[in-house]
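Engineer: Questions regarding the structure given below will be posed in turn.
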Amino acid sequence: MPRDVLRLDSIDVPSLPSAIAIRKTYQRQSWVLMKVSHAALNPGNLYFIAIIQIFTHAKPSVPEIEFSGYLVVGSIPMALSAAEIRPLATHIAVPAELVVKLPDCVSIRGAAGLTLNGMTATRMARDAGVQPGHRVLINGESCGVVTMAVQVVRNIVGGLDSDEIIDYTKHDNLARELSRRFTTQQFDSVLDCVGIQMLYNASAAFLKLGKLMCNSIWPTPTWLSGAGRKWKAVHMDATRDERQELVRIVADRKLKVVVDSVWGFKNVLGGYHILWSGRAREQIIVKIDE
């Protein structure tokens, strides 16, 4: 549980790291010092808090991976970023390559939860080959990446057809229900924001032959009674150009962050409790600069 491993400490404001301390990936890049305004809590980080960080991070370790904030040292007046930077802190030093300027029309609060979910959603749609006029199935509970995926797909697909929502809690077997409903009206792509093997196994019934299912957990090959449909996992390693394009889409009012709740820095465990319980409907934000 987050409350078992997290504690609030007071330490000196960091300085920009020396060349020796910088990972090889970033040795040739300039760094900036950021004052964090808001940070986003993401479900994937629960695994790091509970298990992975015990083995992969030096102690003490700071959680989370995306934030919005203000530049302390450098030339970008306001920024957002998503990378392995662990921003649940008042100040962090990050490679300048990971930071992009926010337009005035984008709130610094919402920007904290933009990059990870936004880039995941746009990459899923791109990798799945979503095109205007396509029929697309998006699987997932109400959460940040699902909300982003719905917006991204709507912007691409267009048209006036109504969306159809299926409540998975009302069906013992979601894959069977999808197979029953859409055998004769199959989808051009499936964006699985959860990763359900059963859904992939049954996808031949509702996904067109030759089309792609994106972001499920593990595909079973055809010769092991698999679905015989293409599968691809989404990898988050966004380039600076992709980050800037995402900000442009938000500035054009085509994409927005929907916030579930905002928590004070000293009350961050309350936000993690909501996230851990599975009751979060949208993005949970922590206000750092109280």
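What follows draws every value from the coordinates through simple rules; no lab data is involved. The shown structure was predicted, so the numbers you read here are calculated from the model rather than taken from an experiment. Here Cβ is always computed from backbone atoms with ideal geometry, including for glycine, and neighbour counts include all displayed protein chains.
Engineer: Could you list which residues have their amide H under 5 Å from that of residue 37, counting only those 5 or more apart in sequence or on another chain, with H placed in the peptide plane?
Structural biologist: Answer set, sorted by chain and number: 68, 69, 70.
Engineer: Starting from the Kirkwood radius over alpha-carbon pairs of the stretch 117-232, derive D by Stokes-Einstein at 20 °C in a medium of 1.002 mPa s and give it in µm² s⁻¹.
Structural biologist: Calculated translational D: 151 µm²/s.
Engineer: Amide H to amide H under 5 Å from residue 211: which residues, 5+ apart in sequence or cross-chain, H placed 1.01 Å off N in plane?
Structural biologist: For residue 211, the qualifying residues are 230.
Engineer: Step through the table entries 35/266; 101/230; 101/254; 170/256, compare each Cα-Cα distance with 26 Å, and write down the pairs that go over it.
Structural biologist: Details: 35/266 17 Å; 101/230 37 Å; 101/254 18 Å; 170/256 29 Å.
In this structure, 101/230; 170/256 lie more than 26 Å apart at Cα.
Engineer: Pop the C-beta distance of residue 232 and residue 205 into the FRET formula with R0 = 22 Å and round what comes out to the nearest 0.05.
Structural biologist: The calculated FRET efficiency here is 0.65.
Engineer: Taking 0.36 nm per residue of separation and subtracting the Cα-Cα distance, what length does fully extending residue 289 through residue 239 add? Show your work: numbers first, answer last.
Structural biologist: Values: separation 50, 0.36 × 50 = 18.00 nm, distance 2.78 nm.
My answer for the length gained is 15.2 nm.
Engineer: Here's a follow-up. Please list 143-155, 163-175 highest first by mean number of surrounding beta-carbon atoms within 10 Å per residue.
Structural biologist: 143-155, 163-175
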